[in-house]
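Working notes for the structure below.
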Amino acid sequence: MQDVSSPASAFLQGLRASYSVAAFVLFATALGFGALARDTGFTLGHTAFLALTMFALPNQVVLIDQLARGASVAAAALAVTLAAVRLFPMVATTMPHVRGTRRRPVLEVIAAHFVAITTWIEGARRLPAVPPDLRLPHHLGIGVAVCGMMVAGSVTGYLLSVGMPPVVSAALVFTTPLYFILSLVATARARLEVSAIVLGCALAPLFYLVVPGLDLLVTGLVGGTAAFLWGNARR
């Protein structure tokens, strides 16, 4: 990373995250979200709004999935909230590093909004090389870059799915869950994590048939709990 000497230069350096491999992978997966949004009846404006304001693809997919199945707004909001809990440790570990010596509450709230898996990984890699007082604008630059890629990918996927053969639209939709599964597998380190992934994949079809409106939530809860109990029993 080049030296940064001002908030503006730190922000511009963060914007260069849009040229990272992680950002382009996110763009590719956002294509699937855009196709999924159109397939479930959302407008282009709704799709772009969700990509801009809900800074996590899993939460976007959960929201669309719940609403498409006829769930109430309250139930969809609860499902999205539970899905977003996983981001809390990332926020808790990122924010102390970007505050610096001078508090800027408004910018810090915006920075917290820009914490997701992609920005958390990029921040862990980039922020230690940035002076403490310039980390906040640098993190904001990363967030703006990644958010821009997400919006662009979602809009592009939505438009590409118009008039596409059904098999191509299905392929675009499939890129999103495929990315999530591959990310989980790639980041799994302990046997407990691997067992949770395997149980989730095995139980998902069953719960889709049994509780189709809550299958994602129930699959995660049952699979994760069973893997946790199995890991404790082995220890």
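Let's see how each residue does on (1) part of a helix (DSSP H, G or I); (2) of a type in the set (K, R); (3) in contact with a Gly (Cβ under 7 Å, 6 or more places away or on another chain):
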{"site": "E193", "(1), (2), (3)": "yes, no, no"}
{"site": "A196", "(1), (2), (3)": "yes, no, yes"}
{"site": "G200", "(1), (2), (3)": "yes, no, yes"}
{"site": "L206", "(1), (2), (3)": "yes, no, no"}
{"site": "P212", "(1), (2), (3)": "no, no, no"}
{"site": "L217", "(1), (2), (3)": "yes, no, no"}
{"site": "L221", "(1), (2), (3)": "yes, no, no"}
{"site": "F228", "(1), (2), (3)": "yes, no, no"}
{"site": "G231", "(1), (2), (3)": "yes, no, no"}
How many residues of segment 170-205 are open to solvent by 50 Å² or more (accessible area, probe 1.4 Å) and either farther than 19 Å from A37 by Cβ or modelled with pLDDT of 75 or more (or both)? The answer is 16
Across segment 3-33, which residue is modelled with the highest pLDDT among those that are in a loop (DSSP other than H, G, I, E, B) and open to solvent by less than 60 Å² (accessible area, probe 1.4 Å)? S6
Could you grab me the full set of residues in segment 34-55 that are closer than 13 Å to G148 by Cβ and either part of a loop (DSSP other than H, G, I, E, B) or acidic (D, E) (or both)? F55
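Residues in segment 42-49: is at least one touching a residue at least 24 places away in the same chain (Cβ under 8 Å), closer than 30 Å to P132 by Cα, open to solvent by less than 60 Å² (accessible area, probe 1.4 Å) and touching a helix residue (DSSP H, G or I) at 6+ places or on another chain (Cβ under 6 Å)? Please lay out each step first, then the result.
Let us first name the residues in segment 42-49 that are touching a residue at least 24 places away in the same chain (Cβ under 8 Å), namely 44, 47-48.
Adding the requirement that they be closer than 30 Å to P132 by Cα leaves none.
The answer is no; no qualifying residue exists.
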Six or more apart or on different chains, Cβ under 8 Å: which pairs go from a residue in segment 83-104 that's closer than 30 Å to Q66 by Cβ to one that's crowded, with 16+ Cβ neighbours inside 10 Å and of a type in the set (D, E)? Could you list them? M95/E108
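Which ranges mark the helices (runs of 4 or more DSSP H) fully within segment 57-135 that have 1 or more residues being of a type outside the set (A, V, I, L, M) and open to solvent by 70 Å² or more (accessible area, probe 1.4 Å)?
On the way: elements: 57-68, 73-84, 88-98, 105-113, 117-126.
The helices (runs of 4 or more DSSP H) meeting that bar are 73-84, 88-98, 105-113, 117-126.
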Select from segment 5-41 the residues that are without any contact (Cβ under 8 Å) to a residue 60 or more places away in the chain and more than 24 Å from L134 (Cα to Cα) and list them in ascending order. T40, G41
Hey, among L31, L26, L82, which residue is over 20 Å from V146 (Cβ atoms) and not β-branched (V, I, T)? L82
Quick check, is L87 modelled with pLDDT under 85, out of contact with any Lys or Arg (no Cβ under 6 Å at 6 or more places or on another chain) and closer than 17 Å to A116 by Cα? yes
Within segment 206-235, of all residues that are in contact (Cβ under 8 Å) with a residue 40 or more places away in the chain and under 24 Å from N59 (Cβ atoms), the one surrounded by the most Cβ atoms within 10 Å (Cβ to Cβ) is L216
Of V155, V167, the only residue that is of a type outside the set (D, E, K, R), modelled with pLDDT under 80 and either part of a helix (DSSP H, G or I) or buried (at least 22 other Cβ atoms within 10 Å of the Cβ) (or both) is V167
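The values are calculated or read from the model by the stated rules, or taken from the named source; none is laboratory data. Since the model is a prediction, treat every value here as computed from it, not as a measurement. Using ideal geometry, Cβ is built from the backbone for each residue, glycine included, and neighbour counts are taken over all protein chains shown. All accessible areas refer to the heavy atoms of the entire protein, side chains included, with ligands and DNA or RNA removed. Shrake-Rupley method; radii C 1.70, N 1.55, O 1.52, S 1.80 Å.
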